[in-house]
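Quick notes on the structure that follows.
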């Protein structure tokens, strides 16, 4: 899966399912990218640890106007697979882990993760989902008075088949030798632009 032939339509599906008006391309602050040590919200500064995935929050319209994702936003599955876990270890919502069929050279299994989300009604562990199927919505944090805006966090991680579910915690995944986090952009067919974050 880690090549151009298997890059999927996740970004395209986000646009289609949410009917994003006058969409041109995705927009990211550098701190939203995988491996970044920068904050992209509030006063900026550094994260305590390198970013484990990709934060999706903005797009540009045809006039290069910056549009923030807001309200009810549907999240599709990147690939077909099985719901491995729905974790509460998420300060903005829940994290949904979906296990896919791909394995790396060490026989670790690819999982996609959708954090800061609200699972779709009825979604449960061991459920089979199809590529492009709606699995969640972006968590609404509008009443929590946070400096960070609502957004979707997507991670890609290779895990052993018998990886314990009680270890599916972000601080553990970022540090344990058993997990191999990878850049989500390696799997996404996505037109985008990146700029540094400048606090207001």
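Sorting the segments 110-116, 47-53 by their mean number of nearby beta carbons within 10 angstrom, highest to lowest, gives 110-116, 47-53. Determine which residues of region 48-66 fall in the zone a paramagnetic label at residue 21 would reach in this model, i.e. backbone nitrogen under 19 Å from the point 7 Å along Cα→Cβ. Inside the label zone: 57-66.
Annotation: extensible slack from residue 102 through residue 46 equals 16.8 nm (criterion: 0.36 nm per residue apart, minus Cα-Cα distance). Restricted to Cα atoms, region 1-115 shows a radius of gyration and a Dmax of 15.7, 46 angstrom. Spacing of the modelled spin labels on residue 141 and residue 68, each 7 Å from Cα toward Cβ, amounts to 1.2 nm.
Across 123, 146, 181, mean-square fluctuation computed from a Gaussian network of the chain (C-alpha pairs under 10 Å connected) peaks at 146. Counting pairs of Cα atoms in region 47-117, how many percent are more than 21 Å apart? That fraction is 42 percent.
Approximating the spin labels as points 7 Å out from Cα along Cα→Cβ, the residue 174-to-residue 118 distance works out to 2.7 nm.
The alpha-carbon positions of region 4-195 define a convex hull whose volume is 123 Å³ per residue.
Available extension along the chain between residue 161 and residue 89 is 23.9 nm, counting 0.36 nm per residue and deducting the alpha carbon span.
For the chain, what relative contact order do you get, as a whole percent, if you take Cα pairs closer than 8 Å and at least 6 residues apart?
Taking the mean separation of contacting Cα pairs over the length of the chain, I get 28 percent.
Can you work out the PRE-style zone for residue 194? Point 7 Å along Cα to Cβ, and I want the residues of region 139-173 with backbone N under 13 Å. No residue qualifies, since no backbone N sits under 13 Å from the label point. Where only DSSP H runs of four or more residues are counted, the chain gives -1500 deg cm²/dmol as its mean residue ellipticity at 222 nm, each run worth -39500 (n - 2.57).
Read-outs: derived from the displayed coordinates by stated rules, not from any lab. Small disclaimer: the values here were computed from a predicted structure and weren't measured. With ideal geometry, Cβ positions are generated from the backbone for all residues, glycine too; neighbour counts draw on all protein chains shown.
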